[in-house]
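Taking it in order: structure first as structure tokens, then the write-up.
The values are calculated or read from the model by the stated rules, or taken from the named source; none is laboratory data. Nothing here was measured: the structure is a model prediction, and the numbers come from that model. Here the Cβ positions follow ideal geometry from the backbone for every residue, glycine too, while neighbour counts run over all protein chains shown.
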Amino acid sequence: MFWQLFYTYLKIGTFTLGGGYAMLPLIQREVVDRKGWIDEEEFLNMIALAQAAPGLIAVNSAIFIGWRVGGWKGVAGAVLGAVLPSFIIILAIAMVFREWKELPAVEAVFKGIRPAVVALIAAPLFKMAKSAKMGWITALIPITAATLIWLCHVNPVWVILATIILTILACFIYNSLYRSSK
């Protein structure tokens with residue numbers, strides 16, 4: 001199982017640009033659709049846990065899937081497969097980037113990659129929102145948070161703290177109204 005997990009995450013890590021969130025559709029296709037190691041609902045729960053836990057979402061998902069499929073050996077194979085391509089690619093880029101970064105072709109390539117990365121991140125977000133049965137009101141929360149951070153330049157820490165406080169207040173009000181209606 002070590003080698004299956006290693007190879008699966010090595011493919012994902014090698015052919016994904018844009019980091020952990022861009023990996024999500026590939027991870028889902030491999031571990032849910034092709035391999036059947038977990039189902040769709042478990043995948044969504046795994047993503048929620050991977051986001052909540054400290055560290056990289058790709059590594060956290062590799063830990064979860066690796067443990068679920070192969071125990072400690074599975075964790076080792078999945079994590080090694082997930083991080084090895086990035087490590088090698090970043091090392092190679094760092095070795096040559098200082099000398100090539102001023103070339104117009106290199107600048108153009110990096111500018112061209114940006115929209116593709118945004119699309120790779122947006123696609124799984126929409127799919128997860130549909131699977132989680134998010135409504136328009138629920139969708140306003142991340143849209144508002146993104147707008148505050150991107151356009152209004154609000155520090156993300158303040159957005160997170162405000163969201164926590166507003167969620168606690170909303171739950172308190174909802175519970176109070178629910179109890180009083182009984």
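Assorted remarks:
- Taken over the range 7-52, residues that are within 25 Å of Ile88 (Cα to Cα) and part of a loop (DSSP other than H, G, I, E, B) amount to 5.
- Hits in the range 27-41 - residues which are touching a residue at least 24 places away in the same chain (Cβ under 8 Å), of a type in the set (D, E, K, R) and within 12 Å of Val69 (Cβ to Cβ): Lys35
- Some residue of the range 104-112 being closer than 23 Å to Ile57 by Cβ and in a helix (DSSP H, G or I): yes
- Any hit, the range 132-153, residues being modelled with pLDDT under 80, in contact with a helix residue (DSSP H, G or I) (Cβ under 7 Å, 6 or more places away or on another chain) and in a helix (DSSP H, G or I): yes
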